[in-house]
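Okay, structure first, notes after.
No lab work stands behind these numbers, since they all come straight from the coordinates. Bear in mind that the values here come from a model prediction, so they are computed numbers and not experimental data. Note that each Cβ is placed from the backbone with ideal geometry, even for glycine, and that neighbours are counted across all protein chains shown.
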Amino acid sequence: MKVAFATQDLKRVDAHFGWAKNIAIYDIGPEGHRFVEAIQFDGDLKEDGNEDKLAPKIEAIKDCAILYVAAIGGSGAARVVANNIHPMKVAQPEAISDLVAKLEDVLKGTPPPWLRKALAKDRERTLDFED
């Protein structure tokens, strides 16, 4: 399943979704992970109330099941959830590599219901591409 990470430095989840300069996307499963891509965003990202800055970010993560952020505004969270993406907030900056490893471990065991739902969504998307 694809997972997005809001990041300023491509190493840690350390960014507010709307203000993130980068979004790193990984494909993660119980057997391992692979880096997919890093998408860069330019412009005045800190301009509060500028909802237009969210559209390209939501488009960039539309195939992701989970989005890790340091923070996310109410309207941003609503738009992410409306796209069937589960936002996850970290309490303090956390290494993407640590989060990837934790997620792999959870996937090896019995994932919580919300994560099973995200995995099912990913399988449906994969089947759609194979048809």
Provide the FRET efficiency to the nearest 0.05 for the LEU119-GLU37 pair, computing r from the beta carbons and using R0 = 25 Å.
0.75
Name the residues of segment 102-123 whose amide N is less than 13 Å from a point 7 angstrom out from the Cα of ASN84 along the C-beta direction?
117-123
Under the Karplus curve 6.51 cos²θ - 1.76 cosθ + 1.60, θ = phi - 60°, whole-Hz ³J(HN,Hα) for segment 63-80, x wherever Gly or Pro sits:
8, 8, 8, 9, 10, 8, 9, 7, 7, 7, x, x, 5, x, 4, 4, 5, 5
Between SER75 and ASP9, with labels modelled 7 Å along Cα→Cβ, what's the label distance in nm to one decimal, could you check?
3.1
In whole Hz, the Karplus estimates of ³J(HN,Hα) for segment 98-106 (6.51, -1.76, 1.60; θ = phi - 60°; x where Gly or Pro) are 5, 5, 4, 4, 4, 5, 4, 4, 4
Treat every Asp and Glu Cβ in segment 3-124 as -1 and every Lys and Arg Cβ as +1, leave all other atoms uncharged, and give the resulting dipole magnitude about the Cα centre to the nearest 20 debye.
380
